[in-house]
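To start, the structure under review is shown below, and the notes come after it.
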Amino acid sequence: MIPTVIDPHTFDELQANAGADFVIELVDTFAEEAPTLLAELHAAQAVGSADRFRRAAHSLKSNSSTFGATRLATMARELEIGGMPVEAAPIEALGRELDATIAALKALARQ
């Protein structure tokens, strides 16, 4: 599961450049903050704030890319450039991918 969720080359390069201990801290911070960004996507959609929606999607995209979470980054990018969806389904799909990504990152960081 991990290789399909996280690009191993990108993650290995991050560990080589930042150090394994620091990457654990980065992963833990991402695991704490990313669900807040997901909640912001839901909240922005609920009130019709396209700007808030775009900013949250952009942040999630950028943070995901750092770790090599390419699928999550791609999904967030599609929301960022595609605009706020009418239905919540794309945000919910992003949430499922976020859960898988966080689990994979935690496993990789502690290997």
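The table below lists the values:
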{"read-out": "When residues of segment 5-49 are limited to those that are of a type in the set (Gly, Ala, Ser) and in contact (Cβ under 8 Å) with a residue 40 or more places away in the chain, the one most open to solvent (accessible area, probe 1.4 Å)", "value": "ALA20"}
{"read-out": "Members of segment 68-89 found to be part of a helix (DSSP H, G or I) and either touching a Leu at 6+ places or on another chain (Cβ under 6 Å) or aliphatic (A, V, I, L, M) (or both), listed by number", "value": "LEU72, ALA73, MET75, ALA76, LEU79, ILE81, ALA89"}
{"read-out": "Where a residue in segment 50-73 is under 19 Å from GLU87 (Cα atoms) and its partner, wherever it lies, is open to solvent by 50 Å² or more (accessible area, probe 1.4 Å), with Cβ under 6 Å and at least six apart", "value": "ALA50/MET84; PHE53/MET84; ALA56/GLU40"}
{"read-out": "Residue satisfying all of: in segment 59-111; open to solvent by 10 Å² or more (accessible area, probe 1.4 Å) and hydroxyl-bearing (Ser, Thr, Tyr); farthest from ASP7 (Cα to Cα) among these", "value": "SER59"}
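The values are calculated or read from the model by the stated rules, or taken from the named source; none is laboratory data. Note that the structure is predicted; figures quoted are calculated from it, not measured. Cβ: placed from backbone, ideal geometry, glycine included. Neighbour counts: every protein chain shown. Accessible surface is based on the protein model in full, side chains and every heavy atom, while ligands, DNA and RNA are left aside. Shrake-Rupley method; radii C 1.70, N 1.55, O 1.52, S 1.80 Å.
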